[in-house]
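J.: One structure coming up, written as structure tokens, with questions to follow.
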Amino acid sequence: MFKKILFAVCLIAGLCSSARAFNTAAQDSLFRVLQQQKADTGRVNTLIAYAMSYMPDSLRKADGLFREALRLSRQLGYAKGVADFACYYMYIQDMQGRYEESLFMVDNAVKIYAALRDTVSLMRALSFSGNEHHQLGNFTAAAGRYLEALKLSDATKDSLFSGLMNNNLATVFIVLKDYNKAYRYAEKAYRNGIAIGNQRRITSALITMGSCMVVQKRYQEGEQYYYKSIAAGRGLEDSAYVLKAYVNLGNLYFEQDKRPQAYQYYARSLELSRKYPDQELLTYIYLGYGRELFNLKRYTEALSYVEQAITMARRYKATNELRWGYLVASNLKATLGHYEQAFALREQFEELNDSLAGDAARNNVMLLEMQYQSEKKDRELTAKELQLALKDLQIQQQNRWIFVFLICAVVLLAMVAVVWQRLRHRHHLQEQQLHTMEAEKTVQVLEAMIQGEEKERTRLSKDLHDGVGGLLSAVKMHFGALKHDQPALKTDASFSHAMGMLDDAIGEVRKTAHNLMPELLARMGLAEAVRFYCRNVSHSRHLAISCYAPDNIGRFKGNFELSVYRIVQELVNNIIKHSQATEALVQLTRQDQLLTITVEDNGIGIHESRETQSGMGLNSLQSRIRALNGNLEIAAANGQGTTAYIEFNIAIMQLAEIG
């Protein structure tokens, strides 16, 4: 019956903490400041501070000061003053149970702060709006407001406010019966309090976490959280937290039908509330204490507390508590023999019990009506602003020189903008030229490297062919002459084997010289040179290389053909060295202005050390291909072979004329 106590008493309204009474010296100081201040925005702020100094002890005095601040704010057109009034005056309205009016005013304050981009004040107003929705039972809207405030606090890294919003959200999700989410938010608030070292945030979160446990009937865990919050509240010397924990413990023991313990904690709550009166909590305390007195058969005393609870529930529009107050009072009257009064109270209970759902609908209609009235006032305000605009236009027509000044200013700004745009465009062009020059320089360096490599290859090829190759040929001639001079050598197996090895060495030197500087490439073209190269390296029994390179791909500039030939060489050498493949395919095709090269193998694929092991390296290979206006794509998976696909746009290449 009293489950609402578990979350309602855990709601920490930010306004209450700001409503501590100032001392008399502070009031006197503010009064002296007001005596000297002019009617400006500073006076508005001082009036609000002066009004807060009378809270909550002298509500009538505070009310008058707040209204004077509102009147001056409207007179000055000081929008922030109007919004500040709404946020502070809300406390007085809530004390009178005027929650709908408070909500309307605070929502208008939210709009004003949003328009002024006052993030700190907007966070506060959103939290107040959530509190009002919470009081009115619109928990979905309350959660929405708290989440908006939480987003802003996260954006501004306001850890203190973030913890407050997390705790408020937890209390809402308890009502919505989303207990996991409620506990998650409460735990966030708890961790936030620990992170910033704020014991009040920690204590509030402990109470909320305890409530999460109780609604799930995990009473032992809830009891532990409440006892921790009592210890923390005593450490802070703040009886408000202790009082809330006592009320929650009373309800916890009532839920478990532990009546002596429930009575004990309600009695403690009542005693503590005399030192720290909390009007919202008193309704729950009186009702719970009266119920326990009824259980102890102290009927007259119990009826007194229940009637006080009913009076307070009516004042604060706490319909749920009022409903159960009628029920307990009806049972008490019947027990005392006042059957007619008991019947009347029972009827009130039934009527209120049946109308609770209707109340929710009426509240929604009331909110819609208030929004309509707000829009109507906005339209009236717009009409007044239009009239003011027409008057301003008449004044502007009488002062044409202002227009001339404005036109000159606009022209000047336009000229400045044009000059700035030109400078910006020139700067952009200079940056592009620098990038282009850098790219050209990179290409030139790469071309120089390639030319240097080719010169060195040519030199090595000539040295091998003319030097080592000639020397080996001379040795073979001497061995041949020796064979004729010594007939016995013709049948000598060792001599024949040595001659065979010499022939192999001469062949290998020729192949190497050819690979370094293939004469066939210059004479027959790229296709024939690639086919010849693949046949040369495919003699191994461990690797068979297939080559498809039709002659119809045509001829290209010598440097281009040589570069492409070297790229194919590099890819095939990588297969031989690293792939452990048994089969490979080299394919050259041409379609219109697109030359494509595909090199595949059935080897082990690319692994972590593959790139670093390759002779030229993928980065160097990529650079060469890009310098030739080409693109390289490699598809590989560990253990599934490798495919290299290269495309060259040969539109800019001049085909060689072959007669």
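J.: Viscosity 0.890 mPa s, temperature 25 °C: what is the translational diffusion coefficient of region 98-149 from Stokes-Einstein with a Kirkwood Rh over Cα pairs, rounded to a whole number of µm²/s? Write down the numbers at each step before the final one.
T.: Values: Rh = 10.6 Å.
Approximately 232 µm²/s, per Stokes-Einstein.
J.: Under the classification rounded if a/c is under 1.5, otherwise prolate if a/b is larger than b/c and oblate if not, where does region 125-210 fall, given a ≥ b ≥ c as square roots of the Cα gyration tensor eigenvalues? Present the calculation step by step, with values, prior to reporting the outcome.
T.: Numbers: a/c = 1.93, a/b = 1.23, b/c = 1.58.
Judged from the Cα gyration tensor, region 125-210 comes out oblate (a/c at least 1.5, b/c at or above a/b).
J.: What list of ³J(HN,Hα) couplings, whole Hz, do you get for region 36-42 from phi and the Karplus terms 6.51, -1.76, 1.60, once you set θ to phi - 60° and write x for glycine and proline?
T.: 9, 7, 7, 7, 9, 5, x
J.: Test of understanding: what is the full-extension gain from T598 to R32, defined as 0.36 nm times their sequence separation minus their Cα-Cα distance? Each step should come with its number before you reach the end.
T.: Values: separation 566, 0.36 × 566 = 203.76 nm, distance 9.18 nm.
Gain in length upon complete extension: 194.6 nm.
J.: Can you bin region 218-281 into rounded, prolate or oblate? Criterion: square roots of the alpha carbon gyration tensor eigenvalues sorted a ≥ b ≥ c, rounded for a/c under 1.5, prolate for a/b above b/c, oblate for the rest.
T.: On the way: a/c = 2.32, a/b = 1.28, b/c = 1.81.
Judged from the Cα gyration tensor, region 218-281 comes out oblate (a/c at least 1.5, b/c at or above a/b).
J.: With a sphere of radius 9 Å drawn around the Cβ of A549, what net charge do the other residues whose Cβ falls strictly inside it have (Lys, Arg +1; Asp, Glu -1)?
T.: Computed value for this residue: -1.
J.: Compute the Rg/Rh shape ratio of region 520-560: radius of gyration over Kirkwood radius, all on alpha-carbon atoms.
T.: On the way: Rg = 11.6 Å, Rh = 11.1 Å.
Rg divided by Rh gives 1.04.
J.: In terms of the Cα gyration tensor, with a ≥ b ≥ c the square roots of its eigenvalues, is region 36-133 rounded because a/c is under 1.5, prolate because a/b exceeds b/c, or oblate? Present the calculation step by step, with values, prior to reporting the outcome.
T.: On the way: a/c = 1.97, a/b = 1.10, b/c = 1.79.
Taking the square roots of the gyration eigenvalues as a ≥ b ≥ c, region 36-133 is oblate.
J.: Let me ask you something else. Around Y54, with a cut-off of 10 angstrom between Cβ atoms, what is the net charge of the other residues, counting Lys and Arg +1 and Asp and Glu -1? Could you put the intermediate results ahead of the total?
T.: On the way: positive: R60, K61; negative: D57, D63.
Summing Lys and Arg as +1 and Asp and Glu as -1 gives 0.
Where a number appears in this text, it was derived from the coordinates with a stated rule and is not lab data. Because the structure is predicted, anything quoted here is derived from the model rather than measured. Glycine gets a Cβ as well: all are built from the backbone with ideal geometry, and neighbour counts include every protein chain shown.
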